Amino acid sequence: MFSEEHIRFIFVVMKPMDLLAKIIPVPRQYWGAIAVLLAIMMSVLDGTIVNVALPTLTQEFSISPSSAIWIVNAYQLMITVSLLSFASLGDLYGYKKVFLTGMCLFVVSSLFCALSGTFWLLVVSRVLQGIGAAAIMSVNAALLRLIYPPKYLGRGLGFNAMVVAVSAASGPSIAGAILSCLSWHWLFLINLPIGLLAWIIGYRLLPDNPSRERRHSFDFVSALANALTFGLLLYSLEGFVHDENRYLIYLQLGLLVIVAFYFIRRQLRMEEPLLPVDLLKIPIFALSMGTSIASFSAQMLAMVSLPFFLQDVLAYNAAEIGLLLTPWPLATILTAPLAGRLLEKVHPGLLGGVGMLIFAGGLFSLYILPEHPEKWDIMWRMILCGMGFGLFQTPNNFTIVSSAPRHRSGAASGMQGMARLLGQTLGTTLVALLFRLFVGAGGVQSCLLLSVIFALAAGVVSSFRISQPLPGKN
């Protein structure tokens, strides 16, 4: 694939990375975390950055808005259906290998996206990009577990939670800035230099998996059943929300029940299943998964519905809406790393429970917002939401990853990513459903009230973890 000259050039470029790691007084292993954070930033960002460009792409390719949605859905769908498969491959063949392969595919497919001359070529390129993103997301937490000593793992996951939150929230703002002076192609071209840098750093400085005897091979049947299960689930939800043919939806749901039943029964019989149902037997792991899904559902219920309220009811323009929403991710930036340090002294169940209660308080304060609020009235409520969410996510992610045996870190990392994706999907689906049932401000009010309920539930369940022993320091 590469000539000898290409390989020699790459290694010449890599040498300064070794030199930089020696000059700056930071342990060499921590430089690998930079590669992980750069990669997760790009993969999360690309899930939202294209949304703003959909009207432009609709005109560019002369397609309907409903067709343009596939540019977004193709990416998210491929991440969801392939995430657990890559997590299993990471446990079997190495997290570093899966990460570098995914990074390479993500960069190449980003170039394909930028060069796409037709709508369907862009959709296919987004499918490949989603597969690369799934490989990155599936092992990012597992790699951080290899990089950081157990004592400081919370700090590493705190930075990771901060990057995920900020990337997800800042996508529309970054897209708007790019599109204001460049063409839509640059939404994908910016991935090339960042992705190449992440690949080079990762190749040189990421640690390899601890060696262990491989007792089983990759289960292709389970991988196919996994893809069908989650693919049918998401596609059926989308069809229901967008009022597609009911008979077709019922057929999909019937197939979903059959495939999911077979898939779960197969996983229960396996020693190290693709869907790690064995890890769900660990009480603190199962509780953390439930709180993660609930928290991300609450987040998306609020973040997706609030712009409609700010624009349609309070008559703010796009720039003002962006400004009013910014305190949320900024508060998360400050709080998530702090939560990582607090983890060294405070039980993650207690820390997560307090975070979700603060988050629920912020959401409820938005629900009871005055009829004609000042901008500061909105912004301090956003700060409260961001603080609570950041205080919760770091200890929750720490618990998910560290409560699994070290050789199952890939499976735990994949489940962490799946919890986030399922929560976000459930949240956005509920927004669409509630907007169909309630008109205007009533739809937003119902979304905020439901988000409060989800956040309170996550806080209560998180508090149950206090009775569980702390995750092992293995």
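Scanning segment 116-137 for residues being part of a helix (DSSP H, G or I), surrounded by fewer than 24 Cβ atoms within 10 Å (Cβ to Cβ) and touching a helix residue (DSSP H, G or I) at 6+ places or on another chain (Cβ under 6 Å) gives a total of 5.
Residue by residue, here is whether (1) farther than 27 Å from Leu146 by Cβ; (2) aromatic (Phe, Trp, Tyr); (3) outside any loop (DSSP other than H, G, I, E, B); (4) not assigned by TED's automatic domain parsing to the domain that holds Cys447 holds:
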| position | (1), (2), (3), (4) |
| --- | --- |
| Val346 | no, no, no, no |
| Met356 | yes, no, yes, no |
| Phe359 | yes, yes, yes, no |
| Pro370 | yes, no, no, no |
| Arg381 | yes, no, yes, no |
| Leu384 | yes, no, yes, no |
| Pro395 | no, no, yes, no |
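Please enumerate the residues belonging to segment 304-338 that are among the polar types (S, T, N, Q) and out of contact with any helix residue (DSSP H, G or I) (no Cβ under 7 Å at 6 or more places or on another chain). Passing the criteria: Asn317, Thr326. In segment 101-129, the residues that are among the hydroxyl-bearing types (Ser, Thr, Tyr) reach residues that are surrounded by fewer than 16 Cβ atoms within 10 Å (Cβ to Cβ) with C-beta atoms within less than 8 angstrom, at least six apart or across chains, in these pairs: Ser110/Leu192.
A count restricted to segment 34-77 and to residues that are at pLDDT below 75, among the small types (Gly, Ala, Ser) and in contact with a Leu (Cβ under 9 Å, 6 or more places away or on another chain) stands at 1.
Scanning segment 179-203 for residues being more than 26 Å from Gln299 (Cα to Cα) and in a helix (DSSP H, G or I) gives a total of 17.
Quick grid of which residues meet (1) closer than 17 Å to His185 by Cβ; (2) in contact with a Phe, Trp or Tyr (Cβ under 8 Å, 6 or more places away or on another chain); (3) of a type in the set (Asp, Glu):
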| position | (1), (2), (3) |
| --- | --- |
| Ile69 | no, no, no |
| Val81 | no, yes, no |
| Ser88 | no, yes, no |
| Tyr93 | no, no, no |
| Leu100 | no, yes, no |
| Phe106 | yes, no, no |
| Ala114 | yes, yes, no |
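Among the residues examined, Leu256 does not qualify as at pLDDT below 85, in a helix (DSSP H, G or I) and not assigned by TED's automatic domain parsing to the domain that holds Leu421. The listed residues are Leu189, Leu146, and the only one of them that is in contact with a Pro (Cβ under 6 Å, 6 or more places away or on another chain), surrounded by fewer than 23 Cβ atoms within 10 Å (Cβ to Cβ) and in the same structural domain as Ile49 (by TED's automatic domain parsing) turns out to be Leu146.
The values are calculated or read from the model by the stated rules, or taken from the named source; none is laboratory data. Note that the structure is a prediction, hence the values are computed from the model and not measured. Glycine gets a Cβ as well: all are built from the backbone with ideal geometry, and neighbour counts include every protein chain shown.
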